[in-house]
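The values are calculated or read from the model by the stated rules, or taken from the named source; none is laboratory data. On a predicted model such as this, the values are computed, not experimentally measured, just so you know. Cβ atoms come from the backbone with ideal geometry, glycine included; neighbour counts cover every protein chain shown.
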Protein chains: 2
Amino acid sequence: MFNSKSQLDETRLTSRQVCKVAIVGFGTVGSAVAKLLCARTGEHSLDVTHICNRDVERKKANWVPDHVCWTDDINEVLKTDVTVIVELMGGLNPAYDIVRRALQSGKSVVTANKQLIAYHGSKLIELARAKQQHLAFGACVAGGVPVVSGLHEGLAGDRLLKVHGILNGTCNYILTRIESGALFADALKEAQQAGFAEADPTDDIDGFDARAKLVVLARVGLNAEVTPESVLCRSIREIAHIDFEYAHELGCTIRQVSRAELRDGQFLASVEPALVPLDSPLASVSGGQNSIISTGEFGGETVFAGHGAGGNPTAVAVVSDLLHIVRYRCAGVAEPDRPAATVYDVSNDFETPHYLRFVVMDSPGIIAALAGVLSGHNINIGAVFQRPGHDKAALPFVITLESCKASQAEAALAEMRAFPFLVHQPLRMPILR
Amino acid sequence: MFNSKSQLDETRLTSRQVCKVAIVGFGTVGSAVAKLLCARTGEHSLDVTHICNRDVERKKANWVPDHVCWTDDINEVLKTDVTVIVELMGGLNPAYDIVRRALQSGKSVVTANKQLIAYHGSKLIELARAKQQHLAFGACVAGGVPVVSGLHEGLAGDRLLKVHGILNGTCNYILTRIESGALFADALKEAQQAGFAEADPTDDIDGFDARAKLVVLARVGLNAEVTPESVLCRSIREIAHIDFEYAHELGCTIRQVSRAELRDGQFLASVEPALVPLDSPLASVSGGQNSIISTGEFGGETVFAGHGAGGNPTAVAVVSDLLHIVRYRCAGVAEPDRPAATVYDVSNDFETPHYLRFVVMDSPGIIAALAGVLSGHNINIGAVFQRPGHDKAALPFVITLESCKASQAEAALAEMRAFPFLVHQPLRMPILR
C-alpha cells in the first residue's frame, strides 16, 4: 500500500543538509533560541542565518556566529531562501502579516505567539497546508511543557473530552501569595518586581492570556475552533485571603483555572478563579508553574506540568518544533493533513457546585433573605460558613451551592444585588471536585 | 534545500488508503486496542485485519468485524501484506523472534513489551532502520502517559540530564496502603485482589518491571543504552508502617522511585524505595498512577502523569503509535534516523542523604557504636529519631545521614551488621530532596 523503498530513497534527503532559520523578534526568548541552536551538535543541522528586530544594532551580541545576518527589515528576510521563520515578536500586528507572507513565500513558521494562533490559527493552518509548509506553535501554551505535542501525538489515539489547567503563572504566583496572607495589590506588586507580571497586568489578571492558550489547546486537543472573545474570562482581582480560609474549610484552595469541555455536542469553556481540592494536581502547582490535565474517553486523566514561561523553557519548545519540522522536511514531505477543526459556539454555563462569598452589614434575617432567593431559583444550599472574629459592619461569610448551572447561580445573584445589607457585590466561584 | 512541490505530490499517498493492522496477543490490551480501532472514524483508516492468539477459538468476540481473520498461527500473519504488527504478547519469547521476523518481512511493529525493548531495543531499532520500517513502543512505559513521545518529540529541543519517577503502580498502591497502616503482606494481598498485582509479584515488588521501563526511558530521554541487569533493584518488601512515621517526621513519604541520570559523563541508575518530600510531585501520586519527571538543561523539570496501566490507557498509547506510523507512512517515508544511543556502564552510586532504620535490642551504647562506625567511614549524621511506645526488645529508630555516596553508606552498614544488638538488618533508603 505504501511507497516502495526506491521511492523512499529518491525523496529522502540526507540529514547533513542544513535547515536555515531566521529569528524574527530578538528578545528574551529569541536570544534563548539562538543560544540553544548554537549549543546543539545533533544530527540535524539547524543554522541561524538571520536575526531580525527593530533597531537591531542595540541587539547585536558577540556570541552569535559571524555569518548571521542582522537586519531590521523583515522584507529582506522574506526574500531569502531560509527554510523556517521563527516568529517571536508577539502581538497580532505586524506578526500576522509577517507569518502570512512567510508561508505564502514558501517558508515554514514556528511561533510562540498565542494570540496569533488563537485569533488567526485556522486561516494560517489552512495557508500552511495549501503551501505545503509547516506551522508549528508548541511554544504558545505553557512554555516548556510539551502539551501541544502531547495532545497532538502522544494522545492521538484517545478521544479527548476535556482540557483544563493552570495556564498563567502570574495569576498562580499572585494567588499563592494571597493564600499566604498578602493583599491582592501587594501580591501583584511583588509579582511585578519578581518579573512575573507586566507593568499592565490586565492580560494576566483578567484571564486574557490564559484564554488565548485555552483556545489553542481546544484546537489541538478537542479539534475545536472557537473565537477567543466567546470564552468567558473572570478576573482574580476580587480574591482575598478570607476566601482561602473558607476554601481550606472546604478542603480546597483557589486557582485561576482554564477549562474547555465537549459535552453532548456542546462546547463549554471559561477562564476564572475556582476552588480546587487540596489533593488535586492543580492545587500542588506552585509559583509560576503551569499544569494541564487532559481527560480522554479511553485513557482517563493525563497531567502535563512544568515551567510555563521564561526564555529557556519557551526556547526548548521552539527548538523542539524546529526539529519536528526538520524531521519531516528531511523526509521530503510536508506535514500530513489533519481533519479540519469543528467550529463551535461557546457556552460558559458549566454545571458545578458553587462558592458564594458575601460581605454584609450584619443584621437579623440575612441568611433567610439569601436562602429565599436561592430557593426561588431552585438552587439547593450545600452549607453556610461564617468564621469568627470579623467586624459586624463588614462581615464575610460563605454559602456553598449544590451543583447547578452558572447561569442559575448568576440569576440568583442578580436578584440578590438589590439587598441593602451587601457591603460588596457577592463573589461567585465554581467548586471543581 | 528540501524537495520541491512536485516531488512531494509524487510520493504522498492519499489519507484514505487503509493501513492493515494485525494484533498479536489478544488479552486485555489487545482487545482494548481492537475496540478503540473499531470505534475510530478519523481521517486515517486503521483496519484490523488479523487477530492472532494461542487457542484463538476461545477469544472470538462478536463485536469484532466479520472480515477479521482469527488465527493461532503467527506464520500466517507474517505471510500477509499487513502494514503493522501490534505485538501484545509480553515476555521475551517468542515475542523477540516474532518482532524480528515481522521487521525482516517489511512490516512495521508497535509493541507494549517493555522487557523486549529493554533487552533487545538496540538490535530491533537497527533492524527497523535497515528495513525502513517503524518500531514504536510508547506503550512500554507508563501505559497511557505519553512520556515516550514527550521526551522524543516535545522535549527534543532540550538536553535531558535526568529522568526519574514512579513507574510501577502496584508498588505505589502497596506503599500507599502501608502508609495507611497495613502490613506489607496484607497490602500485597489487597493489591492482588484488586487486580493490581500478579500471583507472583516479584517483578513488581522487587523492581524488575520498573527497571525495564527505566531502561526504555533512558534510551528515549537520555539516548543511553544500558543493560537492564546493570541497574540496581532494591525491593520494597522491608518497608513497614513505622518507616512512614519516621518519613513524615522528615517531611517525606516513601515511594518506589526509578532514577536515571547523566552526570559528568557517568550514567547513574537505580530502582529502589526512597524518601520523597511530601510536597513533591511524586508524593501526590496515588494508587496505581504513574508519574515521570524529566530534567532538562534548559527547560528544567517537566512532569508527565496519568494511568500507568490498564487495558484502555495502554491501548491509547498503542493507537497513538499506530497513528504516528500512518502519518509518516502516508507521507511516503520511513522514520528519520536518530543518533545511535551511547552505551554506558551503569553506576548506582548516587550521592544523597540517607535514611537508616535500625531495629535493636535496647541497651546502653548503641548510638555510640553506630556513630563510631559512621564516623570511621567519614559520614556525617544528620539526625537521630526515636519514636516512643515501642518494645525495648525490638526498638526501631532512625539515623539520617548527610549527603554521601550509596557505596559509603553500604560500607558502613556492612561493618554494622556484626553488631549483636541488631534484631533485623538495617534498612537504607536515599532521601531525594
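Of all helices (runs of 4 or more DSSP H) completely enclosed by the range A:177-222, which ones contain at least 1 residues that are of a type in the set (K, R)?
Output list reads A:184-193, A:208-222.
Got at least one residue in the range B:292-315 being of a type in the set (A, V, I, L, M), crowded, with 17+ Cβ neighbours inside 10 Å, within 14 Å of chain A (Cβ to nearest Cβ) and touching a Lys or Arg at 6+ places or on another chain (Cβ under 6 Å)?
no
Only one of B:R433, B:R338 is buried (at least 16 other Cβ atoms within 10 Å of the Cβ) and either assigned to a loop (DSSP other than H, G, I, E, B) or small (G, A, S) (or both). Can you tell me which?
That would be B:R338, the only listed residue that is buried (at least 16 other Cβ atoms within 10 Å of the Cβ) and either assigned to a loop (DSSP other than H, G, I, E, B) or small (G, A, S) (or both).
Based on what the data block shows, is B:A224 buried (at least 17 other Cβ atoms within 10 Å of the Cβ), of a type in the set (G, A, S) and under 13 Å from the mean Cα position of the chain (by Cα)?
When the stated conditions are applied, B:A224 does not pass them.
Just the residues that are in contact with a strand residue (DSSP E or B) (Cβ under 9 Å, 6 or more places away or on another chain) and closer than 23 Å to B:A240 by Cα, please, taken from the range B:364-391.
B:I366, B:I367, B:L370, B:I381, B:G382, B:A383, B:V384, B:F385, B:Q386, B:R387, B:H390
Where in the range B:58-159 are there strands (runs of 3 or more DSSP E), lying wholly inside it, with at least 2 residues that are crowded, with 17+ Cβ neighbours inside 10 Å, within 14 Å of another protein chain (Cβ to nearest Cβ) and touching a residue at least 24 places away in the same chain (Cβ under 8 Å)?
B:84-87, B:108-111
So, restricting to strands (runs of 3 or more DSSP E) that lie completely within the range A:240-329, which ones have at least 3 residues that are of a type in the set (A, V, I, L, M, F, W, C), within 29 Å of A:G382 (Cβ to Cβ) and in contact with a strand residue (DSSP E or B) (Cβ under 9 Å, 6 or more places away or on another chain)?
So the answer is A:252-263, A:266-277.
Considering every residue within the range B:386-405, establish whether at least one is within 14 Å of chain A (Cβ to nearest Cβ) and either surrounded by 14 or more Cβ atoms within 10 Å (Cβ to Cβ) or not basic (K, R) (or both).
Within the range B:386-405, none of the residues are within 14 Å of chain A (Cβ to nearest Cβ) and either surrounded by 14 or more Cβ atoms within 10 Å (Cβ to Cβ) or not basic (K, R) (or both).
If a residue has to be closer than 15 Å to B:A309 by Cβ and crowded, with 17+ Cβ neighbours inside 10 Å to count, how many in the range B:183-204 make the cut?
Total satisfying the criteria: 6.
On the given criteria, is A:S286 of a type outside the set (D, E, K, R), more than 7 Å from chain B (Cβ to nearest Cβ), buried (at least 22 other Cβ atoms within 10 Å of the Cβ) and out of contact with any Cys (no Cβ under 7 Å at 6 or more places or on another chain)?
So A:S286 does not fit the description; no.
Which condition breaks for A:L167 when tested against (1) of a type in the set (A, V, I, L, M, F, W, C); (2) closer than 23 Å to A:P228 by Cα; (3) within 14 Å of chain B (Cβ to nearest Cβ)?
With respect to (1) of a type in the set (A, V, I, L, M, F, W, C); (2) closer than 23 Å to A:P228 by Cα; (3) within 14 Å of chain B (Cβ to nearest Cβ), A:L167 is out only on (3).
Of the residues A:E153, A:E126, only one is of a type outside the set (F, W, Y) and touching a helix residue (DSSP H, G or I) at 6+ places or on another chain (Cβ under 7 Å); which?
None of the other options fit; the residue is A:E153.
Given the conditions (1) under 30 Å from B:L262 (Cβ atoms); (2) modelled with pLDDT under 95; (3) not assigned by TED's automatic domain parsing to the domain that holds B:A112, and given that B:R338 satisfies all but one, which numbered condition is not satisfied?
Only one criterion in (1) under 30 Å from B:L262 (Cβ atoms); (2) modelled with pLDDT under 95; (3) not assigned by TED's automatic domain parsing to the domain that holds B:A112 is unmet by B:R338, namely (3).
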